Amino acid sequence: MRHLILTLMVAAVAFSNVANAAVVIEDVQLRYGIGNRPSVIYGTFTNHSNAPVYLIKVDSPAFGRIEMHNHIHDGNIMRMRKIERITLPPYKAVSLKSGGLHLMAFQKAEQKDIQITFTFDNAPPQTLSVGVIGK
């Protein structure tokens, strides 16, 4: 009986840690804005867990602030809106791209390699080194 209880406890810990390694971030691209215009960050986030994960914050020492944005159709006009979080549905990939979800980075510092930290509500943060595309 002790062996069964120990096995169940180990399994519970293992399953709880799946969410900790559930998000895979790929193809992150940073494009500097021209002059004082904001920079934009694209990429793909894949949630490999059975529960939604929410991207709630993005930081970098190379920028004053980074905001999450989406485009919405308002009649015949496409408008950009700041959003508080990005939902990563279970077992799905979410692409940040032009004309959809994306990140806007303000008050840039000119650097070649940028460290960006992605913070999630129920998964550990991930810091990536991102090269700059264009200037």
What number goes with the only condition from (1) more than 19 Å from Ile34 (Cα to Cα); (2) touching a residue at least 60 places away in the same chain (Cβ under 8 Å); (3) out of contact with any Lys or Arg (no Cβ under 9 Å at 6 or more places or on another chain) that Asp121 does not pass?
-> (3)
Within the range 99-124, how many residues are at positive phi and not in a strand (DSSP E or B)?
-> 1
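Looking at Ile72, Ile83, can you tell me which residue is more than 16 Å from Lys57 (Cα to Cα), β-branched (Val, Ile, Thr) and without any contact (Cβ under 8 Å) to a residue 24 or more places away in the chain? Spell out the reasoning first.
On the way: Ile83 fails: more than 16 Å from Lys57 (Cα to Cα).
Step by step, each of Ile72, Ile83 is checked, and only Ile72 is more than 16 Å from Lys57 (Cα to Cα), β-branched (Val, Ile, Thr) and without any contact (Cβ under 8 Å) to a residue 24 or more places away in the chain.
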Within the range 39-75, track down each residue that is buried (at least 18 other Cβ atoms within 10 Å of the Cβ) and not in a strand (DSSP E or B).
-> Ser49, Ser60, Ala62
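Being modelled with pLDDT of 95 or more and surrounded by 15 or more Cβ atoms within 10 Å (Cβ to Cβ): is that true of Phe118 here? Show your work before the answer.
Numbers: modelled with pLDDT of 95 or more: yes; surrounded by 15 or more Cβ atoms within 10 Å (Cβ to Cβ): yes.
Against the criterion (modelled with pLDDT of 95 or more and surrounded by 15 or more Cβ atoms within 10 Å (Cβ to Cβ)), Phe118 qualifies.
The values are calculated or read from the model by the stated rules, or taken from the named source; none is laboratory data. Because the structure is a prediction, the values reported are computed rather than measured. With ideal geometry, Cβ positions are generated from the backbone for all residues, glycine too; neighbour counts draw on all protein chains shown.
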